[in-house]
Amino acid sequence: MVLDLDRCIESLFKRQLLAESVIKEICERTKELLMNESNVVHINAPVTVVGDIHGQFYDLLEIFKIGGYCPDTNYLFLGDYVDRGLYSVETMSILTCLKLRYPDRVQLVRGNHESRAVTQTYGFYTECMKKYGSPQVWHYFTDLFDYLTLSVVIDNMIFCVHGGLSPSIHTIDQIKVMDRFKEIPHEGPMADLVWSDPDPGREEFAVSPRGAGYTFGSLVVEKFLHENGMDHILRAHQLCMEGFQVLFDDQLSTVWSAPNYCYRCGNLASILEVGVDGERHFNVFEAAPENERPSAAEVQRAAMFANGIPTGLFSGVGSNGAMTSSPAAGNGNGNGASSFLTTAGMDPTQDAIHYFL
Ligand SMILES: [Mn+2]
């Protein structure tokens, strides 16, 4: 098949969907490319780092406007491309095309939502069905997810990952030898990298209220950085009202790139520009202008997914998919569908959303 990537990218920028057969081809080729990437991809600054996007395609277009277009700007995306927003298909399509077109200038790290289980609950599966009338596109993209790398190191100084650290990973070399080509497991080191969160109130690891991964404190961060000769941990995964958060005496930062998350949280977003001298600059931005935003009716449909309204496909959803918990609803044991059902009935404005991103 002759594939004109520049034309694909151009139509996506014009908000036109790609044909199913084109997505199949693009995913096949991108898998072959990703297969050869390490679980820890080493890159150099300058690079612009993007946190969670969650299908907010219009805000992604805004990011390119602010941060620059490919290949003039190098991009590192930290995962959670899909679910919750209304345009996961467009978001994944354009990111996949850009990766394939500029493989050394675009890096895509896997987030906890790049998973079959989670996307059946939080919107991506339903969106694919609605836009293509069959689950094929969902299959192509979720098969591709299994090939995404788990982490990136910038200039041998900054360790980048979607979620955070794991009690079973002490060195970056340990990540390099993991078998990542599979669905994200419910537990273990691979799950921890995409699910864990820092906890500034602690020193060590503790059970996570999300029901997957761990929380980790200041001593864990210090030890990991020291043992691996790094300066900083850079991650996404948690909503920050100001668009970013810096913790542990500037040893860890969170970058969040979905402004007005779920079209109702009222938060800012940011992208992080890492300069050649290792300098870090957060470029903060608001939601895309009014006339480029989805309609009220579309937003209402999106609200359905905000708290994980079921799509009728419980079978594939394990403890990750359930994401048990808001503190109110969850028992923290990762107990699949039952706690999931509890969250489904919750007040959609409740900030429990913070806990099961
Ligand atoms: Mn996440």
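The values are calculated or read from the model by the stated rules, or taken from the named source; none is laboratory data. Nothing here was measured: the structure is a model prediction, and the numbers come from that model. Virtual Cβ from ideal backbone geometry, glycine too; neighbours counted across all protein chains shown.
One table, with the values for the structure above:
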{"item": "Residue in region 96-107 that is β-branched (Val, Ile, Thr) and more than 30 Å from Gly275 (Cα to Cα) present", "result": "no"}
{"item": "Within region 89-99, tally of residues that are in contact with a strand residue (DSSP E or B) (Cβ under 9 Å, 6 or more places away or on another chain) and more than 16 Å from the ligand (Cβ to nearest atom)", "result": "3"}
{"item": "Count of residues meeting criterion [of a type in the set (Ser, Thr, Tyr) and either free of Cβ contacts under 8 Å to residues at least 40 places away in the same chain or assigned to a loop (DSSP other than H, G, I, E, B) (or both)] in region 38-75", "result": "4"}
{"item": "Pairs where the first residue, in region 155-181, is over 19 Å from Gly79 (Cβ atoms) and the second is assigned to a helix (DSSP H, G or I) and of a type in the set (A, V, I, L, M, F, W, C), C-beta under 8 Å, 6+ apart", "result": "His170/Phe224"}
{"item": "Positions within region 52-87 being among the charged types (D, E, K, R) and closer than 27 Å to Val40 by Cβ, in sequence order", "result": "Asp52, Asp72, Asp80, Asp83"}
{"item": "Test result for Gly243, over 21 Å from Val41 (Cβ atoms), in contact (Cβ under 8 Å) with a residue 40 or more places away in the chain and either touching a Gly at 6+ places or on another chain (Cβ under 6 Å) or basic (Lys, Arg) (or both)", "result": "no"}
{"item": "Residue within region 12-30 that is of a type in the set (Val, Ile, Thr) and within 16 Å of the ligand (Cβ to nearest atom) present", "result": "no"}
{"item": "Helices (runs of 4 or more DSSP H) completely within region 114-223 that count 1 or more residues being closer than 21 Å to His54 by Cα, within 16 Å of the ligand (Cβ to nearest atom) and not basic (Lys, Arg)", "result": "116-121, 124-132, 136-145, 189-195"}
{"item": "Test: residue in region 293-300 that is in a loop (DSSP other than H, G, I, E, B), free of Cβ contacts under 8 Å to residues at least 12 places away in the same chain, out of contact with any Cys (no Cβ under 6 Å at 6 or more places or on another chain) and surrounded by fewer than 18 Cβ atoms within 10 Å (Cβ to Cβ)", "result": "yes"}
{"item": "Hey, Leu108 within 18 Å of Asn267 (Cβ to Cβ) and either touching a residue at least 40 places away in the same chain (Cβ under 8 Å) or more than 16 Å from the ligand (Cβ to nearest atom) (or both) or not", "result": "no"}
{"item": "Residues (farther than 17 Å from Ile233 by Cα and either buried (at least 24 other Cβ atoms within 10 Å of the Cβ) or modelled with pLDDT under 95 (or both)) located in region 267-289", "result": "Ala269, Glu286, Ala287, Ala288, Pro289"}
{"item": "Subset of region 99-149 that is hydrophobic (A, V, I, L, M, F, W, C) and touching a His at 6+ places or on another chain (Cβ under 8 Å) - its residue that is surrounded by the fewest Cβ atoms within 10 Å (Cβ to Cβ)", "result": "Val109"}
{"item": "Subset of region 83-112 [touching a helix residue (DSSP H, G or I) at 6+ places or on another chain (Cβ under 8 Å), under 25 Å from Ile158 (Cβ atoms) and part of a loop (DSSP other than H, G, I, E, B)]", "result": "Pro103, Arg110, Gly111, Asn112"}
{"item": "Members of region 48-88 that are more than 16 Å from the ligand (Cβ to nearest atom), β-branched (Val, Ile, Thr) and crowded, with 24+ Cβ neighbours inside 10 Å", "result": "Ile63"}
{"item": "Within region 165-221, tally of residues that are aliphatic (A, V, I, L, M) and farther than 22 Å from Tyr147 by Cβ", "result": "6"}
{"item": "Among the residues listed as Leu268, Leu239, the single one being under 19 Å from Gly51 (Cβ atoms) and either more than 14 Å from the ligand (Cβ to nearest atom) or polar (S, T, N, Q) (or both)", "result": "Leu268"}
{"item": "Any pair with Cβ under 7 angstrom, 6 or more apart, that starts in region 76-92 at a residue that is over 15 Å from Val194 (Cα atoms) and in contact (Cβ under 8 Å) with a residue 24 or more places away in the chain and ends at one that is part of a loop (DSSP other than H, G, I, E, B) and among the β-branched types (Val, Ile, Thr)", "result": "Ser88/Val82; Thr91/Ile53; Thr91/Val82; Met92/Val82"}
{"item": "Odd one out for Lys14 among (1) free of Cβ contacts under 8 Å to residues at least 12 places away in the same chain; (2) touching a Pro at 6+ places or on another chain (Cβ under 8 Å)", "result": "(2)"}
